[in-house]
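The values are calculated or read from the model by the stated rules, or taken from the named source; none is laboratory data. This is a predicted model, so every value here is computed, not measured. Quick reminder, even Gly has a Cβ in these numbers, built from the backbone with ideal geometry, and neighbours come from all protein chains shown.
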Amino acid sequence: MLRLPLLSPFIIAAVAAFAATASALILFLAANTPWLGTRLTQADEIVLMDGRPFGLEPSLVLDSLAADGLPKVDIVGRDVLAEPDSLYTFAELNAFYQRQDQLFGLLLQPEVIAKVRDQTGAAHHLTIKPSATPLWALPVSFWVQFFTGLISIIIAGWVWALRPNQLAPTLFAISGLGVLMVTLTSAYYAHRGLALPSQTYQLMLSVNHLGIFLFGGGLIGMFLIYPRQLVGLRWLYAIPVVFGALYLGDTFQLVLEAEHFYLITMLITVTILGLIVAQWWATRASPPDRAVLGWLGLSVAISVSLFCFLSIAPTVLGLNSPLSQHYAAGAIVIIYVGLALGLRRYRLFELGGWAYRILYYTFGAFLLLVLDGLLITGLNMELAPALATSLLLVGLVYLPMRDWLWHKIFTRSRIEQHELFSEAMDVAFAPTPDERSLRWRGLLQRLFDPLETEEVAEGPPSPMIEEEGQVLELPSVVGTPALKLRYPFAGTDLFQPAQQTLATQLIALTERAEESREAYMRGVSEERRRMARDLHDDVGARLLTGLHTADDRTRPVIQAALADIRSIVSGLAGDEASLERVLAEMRHETARRLEAAGIEFDCPAPDGDLPDVRLDYRIHKAMTSTVREIVSNAIRHSGATRLTVLPELSDRGLLMRFEDNGRGIPDAAMSGNGDGFGLRSLRQRIIDLGGTIHFETDKGTVITITLPLRLSARPPEPGVPSTAARLDSAL
């Protein structure tokens with residue numbers, strides 16, 4: 001078996017050769033079909049001929065043709081019928097073929113006599129020498145059908161060549177072959193000038209109908225298995241069996257009547273549309289398949305609906321078709337461009353929004369045509385007023401409704417630049433790496449609402465869309481892990497380049513905010529070091545000098561002040577103090593103060609060795625200040641003779657229990673309504689660090705405090721939201 005890279009060029013070459021051969025054959029036949037040198041058009045039961053090539057008025061009625069040795073043939077409107085399969089019975093079709101033979105026999109003569117009438121009723125006899133039809137004389141509708149077939153088979157062959165071993169592209173290629181057969185044969189016999197030999201006509205019409213069955217069967221089979229397989233593969237064998245039987249009945253005029261072919265075509269169209277709806281339901285839980293179908297189904301639905309309901313259905317109902325089959329066939333190109341993109345899934349996520357835009361604009365154009373037709377036929381309005389009224393109704397009613405639907409389905413709340421910057425600053429200025437990562441994930445969740453967020457060891461250098469739009473990979477940002485976001489917007493959509501751009505901008509904002517934070521922290525650190533040097537070199541030196549000259553009463557105060565300065569200098573320098581040292585210093589200072597006040601002090605050391613816990617300056621400063629405030633209150637207000645301090649480590653941090661045997665704390669002070677500032681300050685200091693404080697007063701006072709050993713994010717001030725309002729991507 002040939003490998004795919006070798007097989008693809010052979011398939012492409014074969015398809016191109018076949019398309020070129022078929023096209024050349026049709027051009028050769030069209031260029032060698034005899035004509036009268038002017039265009040003929042059907043007007044109900046008569047045939048109109050352009051008389052300008054013969055020096056007469058543009059619109060003449062062609063009554064008959066005659067030639068030496070052949071009987072005169074009266075011309076009727078049906079003789080120039082573009083699509084004879086619109087006739088109701090096979091008897092009418094066979095009669096049409098017989099007249100085509102008679103007329104073609106006349107066109108083979110060197111000269112024919114054409115009897116025509118002008119608008120006054122005056123008869124004219126024109127001697128015409130039939131000649132081959134020049135290609136330049138073929139109308140635009142011929143070339144629309146011709147190039148529709150070529151484009152369809154080329155795209156279908158290209159897709160099939162890329163995936164020759166898959167069933168869906170094969171069925172797609174079959175439908176493209178059907179389009180080529182339909183358009184080329186119709187382009188030939190519908191623009192024949194006047195007549196073709198009956199055998200040639202029958203052959204062309206038979207190939208045309210076979211193309212319709214190949215086109216419909218290919219699309220029905222494809223939508224039965226793609227994007228989701230709806231039935232077992234063996235059910236696909238029913239398609240050639242059913243369509244083969246219908247084709248044989250139509251070709252050999254068995255069971256069916258001629259009018260049934262259009263009904264079969266409409267039934268094929270309805271089946272295709274029904275399968276699109278079934279696939280839409282089947283892909284509801286699969287965003288990639290739904291994205292493929294959103295473009296693929298739309299392109300097919302528009303094309304087959306235009307061809308069937310604006311061209312064939314009116315003929316079946318006995319109405320004038322608003323769109324000629326020749327031009328309706330041009331809409332088939334939409335299918336092959338759309339299906340090529342869908343089957344290849346080539347950057348399909350860029351087309352989801354455009355699919356619906358095309359749907360809305362197409363429906364608007366269709367609505368405009370319908371309104372225009374209703375006003376002309378129903379209210380007998382003139383063409384210009386009817387068109388103006390239709391445009392007014394579409395503009396005032398449909399376009400606002402279209403915009404409202406677009407907003408409801410696609411548009412999300414607009415994210416302003418300052419909001420994104422605020423969120424980026426919030427991430428960059430998080431106090432800890434864990435909090436930063438949590439905030440970053442929260443922001444991504446609000447923006448993209450993915451069903452899954454996965455940490456990865458190594459991310460891309462910049463945001464990348466992977467797995468056909470299911471995954472957005474993000475690099476590490478300001479120390480947070482690299483992430484993979486899966487199934488955006490609760491699994492109802494795919495990541496699009498707009499979201500990739502948004503993520504890139506957000507990362508750039510966050511990194512810029514991080515740079516600003518680092519610059520700010522460098523400035524803060526430099527200022528703290530300067531303040532620490534000033535305190536140590538100036539204030540510390542003066543206190544040290546005073547310590548050597550102080551008396552016994554002043555020396556302890558100066559020693560305490562020096563200890564505070566050392567603590568402040570260490571804090572400004574960013575140094576951390578060990579828990580064991582802080583507790584020891586606190587025990588030593590408290591014992592000295594209570595001894596001077598005549599109060600017994602009891603502070604047993606915790607059981608076992610303390611772990612090596614390093615305390616941030618703010619924590620050990622708050623701990624020292626809290627103990628000093630409690631001891632000061634006990635000395636000044638309690639009247640106690642004994643104070644017991646019980647330190648204990650717990651899961652929540654450091655727990656310290658203070659008990660004295662004094663008179664207790666007044667109710668006003670307990671509630672925070674007293675004149676003193678100490679207890680309010682004490683309570684606020686503990687809460688700011690994320691700790692707790694509890695007072696009990698009965699026989700003496702019991703104060704229980706807990707302090708964390710690690711800082712967490714500080715809660716916002718009252719009235720300030722903890723996070724920005726919910727953000728949704730507007731893209």
Looking at residue 454 and the list (1) modelled with pLDDT under 85; (2) within 24 Å of residue 426 (Cα to Cα), which single condition is not satisfied? (1)
Among the residues that make up the stretch 179-190, is at least one of them over 30 Å from residue 128 (Cα atoms) and in a loop (DSSP other than H, G, I, E, B)? no
Which of the residues belonging to the stretch 478-525 are hydrophobic (A, V, I, L, M, F, W, C) and free of Cβ contacts under 8 Å to residues at least 40 places away in the same chain? 482, 508, 519, 521, 524
Selection from the stretch 471-515 of residues that are hydroxyl-bearing (Ser, Thr, Tyr), at pLDDT below 80 and not in a loop (DSSP other than H, G, I, E, B): none
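Would you mind finding the one in 298, 273 that is within 33 Å of the chain's Cα centre (by Cα), modelled with pLDDT under 90 and not in a loop (DSSP other than H, G, I, E, B)? Even if it seems obvious, please write down each step before you answer.
Working: 273 fails: modelled with pLDDT under 90.
Going through 298, 273 in turn, the sole match is 298.
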Can you pull out every residue in the stretch 594-631 that is touching a Phe, Trp or Tyr at 6+ places or on another chain (Cβ under 9 Å) and either basic (Lys, Arg) or surrounded by 14 or more Cβ atoms within 10 Å (Cβ to Cβ) (or both)? 594, 627, 630, 631
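Return the residues of the stretch 306-357 that are modelled with pLDDT under 55 and in a helix (DSSP H, G or I); say none if nothing qualifies. So that I can check it myself, show each step before the final result.
Quick first cut of the stretch 306-357, residues modelled with pLDDT under 55 only: 342-356.
342, 343, 344, 348, 349, 350, 352, 353, 354, 355, 356 - these are the residues of the stretch 306-357 that are modelled with pLDDT under 55 and in a helix (DSSP H, G or I).
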Somewhere in the stretch 213-222, is a residue over 22 Å from residue 188 (Cα atoms) and not in a helix (DSSP H, G or I)? no
Contact list please: Cβ distance under 6 Å, first residue in the stretch 678-697 and touching a residue at least 60 places away in the same chain (Cβ under 8 Å) and outside any loop (DSSP other than H, G, I, E, B), second residue surrounded by 13 or more Cβ atoms within 10 Å (Cβ to Cβ) and among the aliphatic types (A, V, I, L, M), pairs at least six apart or on different chains. 685/622; 686/693; 686/705
Hey, does the stretch 632-650 have a residue that's surrounded by 13 or more Cβ atoms within 10 Å (Cβ to Cβ), modelled with pLDDT of 65 or more and closer than 27 Å to residue 425 by Cα? no
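From the list 48, 56, pick out the single residue that is at pLDDT 90 or above, assigned by TED's automatic domain parsing to the domain that holds residue 105, part of a strand (DSSP E or B) and out of contact with any Lys or Arg (no Cβ under 7 Å at 6 or more places or on another chain). It would help to see each step written out before you state the result.
Values: 56 fails: part of a strand (DSSP E or B).
Every option except 48 fails the conditions.
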For the stretch 481-514, the count of residues that are touching a strand residue (DSSP E or B) at 6+ places or on another chain (Cβ under 9 Å), surrounded by 15 or more Cβ atoms within 10 Å (Cβ to Cβ) and either more than 18 Å from residue 291 (Cβ to Cβ) or not hydroxyl-bearing (Ser, Thr, Tyr) (or both) equals 14
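Here's the yes/no breakdown for (1) buried (at least 19 other Cβ atoms within 10 Å of the Cβ); (2) among the small types (Gly, Ala, Ser); (3) on the phi > 0 side of the Ramachandran plot; (4) not assigned by TED's automatic domain parsing to the domain that holds residue 97:
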position	(1), (2), (3), (4)
198	no, yes, no, yes
205	yes, no, no, yes
215	yes, no, no, yes
230	no, no, no, yes
236	no, no, no, yes
240	no, no, no, yes
245	no, yes, no, yes
For the stretch 517-530, which residues satisfy the criterion of being of a type outside the set (Lys, Arg) and surrounded by 14 or more Cβ atoms within 10 Å (Cβ to Cβ)? none
Count of the stretch 32-45 residues which are in contact with a strand residue (DSSP E or B) (Cβ under 6 Å, 6 or more places away or on another chain) and surrounded by fewer than 15 Cβ atoms within 10 Å (Cβ to Cβ): 2
Is it fair to say residue 160 is more than 30 Å from residue 72 (Cα to Cα), touching a Pro at 6+ places or on another chain (Cβ under 8 Å) and among the hydrophobic types (A, V, I, L, M, F, W, C)? yes
Scan the stretch 73-92 and tell me whether some residue there is of a type in the set (A, V, I, L, M), in a helix (DSSP H, G or I) and either surrounded by fewer than 16 Cβ atoms within 10 Å (Cβ to Cβ) or modelled with pLDDT of 95 or more (or both). yes
For residue 183, indicate whether it is surrounded by 20 or more Cβ atoms within 10 Å (Cβ to Cβ) and either out of contact with any Phe, Trp or Tyr (no Cβ under 8 Å at 6 or more places or on another chain) or polar (S, T, N, Q) (or both). yes
Could you check residue 61 against (1) loosely packed, with under 15 Cβ neighbours inside 10 Å; (2) under 30 Å from residue 318 (Cβ atoms) and say which number it fails? (1)
Report, by residue number, each residue of the stretch 436-448 that is in contact (Cβ under 8 Å) with a residue 60 or more places away in the chain and exposed (fewer than 15 other Cβ atoms within 10 Å of the Cβ). 442
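Can you find a residue that is surrounded by 19 or more Cβ atoms within 10 Å (Cβ to Cβ), within 60 Å of the chain's Cα centre (by Cα), under 14 Å from residue 34 (Cβ atoms) and not β-branched (Val, Ile, Thr) anywhere in the stretch 113-125?
No.
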